[in-house]
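Chemist: Here's a structure for you.
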Amino acid sequence: MNFSQSAADAHVPAGRPLAHALARTTHLCLAAHQDDIEIMAHGAIAACYGKRSAGFTGVVVTDGAGSPRSGRFAKFTDEQMKAERRAEQRRAAKLGKYAAVIQLAHPSAVVKDAGDARVRTDLSSILRVCGRLEAVYLHNPADKHDTHVAVFLRCLEALRSLPKSRRPRRVLGCEVWRNLDWLVDTDKVLLDDSGRPALAAKLIGAFQSQIAGGKRYDLAIAGRRLANATFHTSHATDAANAVTWAMDLTPLIKDDKLSVEEFTLAHLDRLRDDVQARLKRFV
């Protein structure tokens, strides 16, 4: 499979052909940066771990050049950082027994340019080789990171380019750079990340260029998952001890004419109505 960036990297930990790995993929995560996959989709990684009947594949869209760095990574050039992050993502794929990990190596500027078809074309080529996908994990459209939102939009374009009969059964938008605990409960999709906690720690720990480089994702992600589980409901004991919140994006691939903006803002309208109703209840 050929991709538009010469630095693109496809890695199959089991050593089989990429086409075979994609054909057995049941859960697919399309993410902006190295380590976003492990933050967004641990439940899917754990569910597919070591199984012949299920396969997890991750796709990283950008090249990782712009990440902050300090400590032993402080003097790394962008080229050195890209190489380090590519190696870390391969390491995570091996630890998590992914079917495959593909790093498309696009600069963020390319992703943000809606007129540049290269990202959409690369993603479409991957999706067309995949078997019938049970679930696809994306960034959510209310994320506050510009690159995450741009990647989400390129992913949606690629998904909508598929014949409807080939589209995944479910598409979920996960929290990364804006928590989704603000969603009203009926809009929340609970992703149970309780399984294989040691693996979860190892996967985040694989990205030392970020952790030792000044961002303690290893602590922050574990803390957020626990907080989500604990604060999910006030009148019941915790059903899980690690939760990631997601938004159900499936309507956006069932109806190509559904506006992303209207779809997203409707979630905010429902939050406003919920807050207003609760205040009025006790006045």
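Chemist: Out of (1) modelled with pLDDT of 95 or more; (2) of a type in the set (D, E, K, R); (3) within 29 Å of Lys202 (Cβ to Cβ), the odd one out for Lys82 is which?
Modeler: In the conditions (1) modelled with pLDDT of 95 or more; (2) of a type in the set (D, E, K, R); (3) within 29 Å of Lys202 (Cβ to Cβ), Lys82 misses (1) alone.
Chemist: What number goes with the only condition from (1) small (Gly, Ala, Ser); (2) farther than 20 Å from Ile39 by Cβ; (3) in contact with a Pro (Cβ under 8 Å, 6 or more places away or on another chain) that Ser125 does not pass?
Modeler: (3)
Chemist: Any residue in segment 241-257 that is at pLDDT below 95 and in a loop (DSSP other than H, G, I, E, B)?
Modeler: Checked against the condition, which is being at pLDDT below 95 and in a loop (DSSP other than H, G, I, E, B), segment 241-257 yields at least one hit.
Chemist: Is there any pair linking a residue in segment 116-134 that is over 18 Å from Thr147 (Cα atoms) to one that is of a type in the set (D, E, K, R) and crowded, with 22+ Cβ neighbours inside 10 Å, with Cβ under 8 Å and at least six apart or on different chains, and which?
Modeler: Correct list of pairs: empty, since none qualify.
Chemist: Test of understanding: among Gly15, Gly66, Gly55, which residue is over 30 Å from Asp116 (Cα atoms), surrounded by fewer than 18 Cβ atoms within 10 Å (Cβ to Cβ) and of a type in the set (Gly, Ala, Ser)? Before you say what the answer is, go through the steps one by one.
Modeler: Details: Gly66 fails: over 30 Å from Asp116 (Cα atoms); Gly55 fails: surrounded by fewer than 18 Cβ atoms within 10 Å (Cβ to Cβ).
Every option except Gly15 fails the conditions.
Chemist: Restricted to segment 240-253, and to residues that are farther than 15 Å from Cys174 by Cα and without any contact (Cβ under 8 Å) to a residue 60 or more places away in the chain, which residue is surrounded by the most Cβ atoms within 10 Å (Cβ to Cβ)?
Modeler: Ala240
Chemist: Pairs needed: first member in segment 181-205, assigned to a helix (DSSP H, G or I); second member anywhere, crowded, with 18+ Cβ neighbours inside 10 Å and among the aliphatic types (A, V, I, L, M); C-beta distance under 6 Å; at least 6 residues apart or different chains.
Modeler: These pairs meet every condition: Leu203/Ala92; Ile204/Ile221.
Chemist: Further question on the same structure: Looking at segment 150-164, which of its residues are within 15 Å of Leu252 (Cα to Cα) and either surrounded by fewer than 21 Cβ atoms within 10 Å (Cβ to Cβ) or small (Gly, Ala, Ser) (or both)?
Modeler: Result: Leu153, Glu157, Ala158, Arg160, Ser161, Leu162, Pro163, Lys164.
Chemist: Can you name the residue in segment 206-226 that is assigned to a helix (DSSP H, G or I) and free of Cβ contacts under 8 Å to residues at least 12 places away in the same chain and is also surrounded by the most Cβ atoms within 10 Å (Cβ to Cβ) among such residues?
Modeler: Of everything passing the filter in segment 206-226, Ile211 is surrounded by the most Cβ atoms within 10 Å (Cβ to Cβ).
The values are calculated or read from the model by the stated rules, or taken from the named source; none is laboratory data. From a predicted model like this one, the values you see are computed outputs, not experimental measurements. Please note: Cβ atoms are built from the backbone with ideal geometry, for glycine as well, and neighbour counts cover all protein chains shown.
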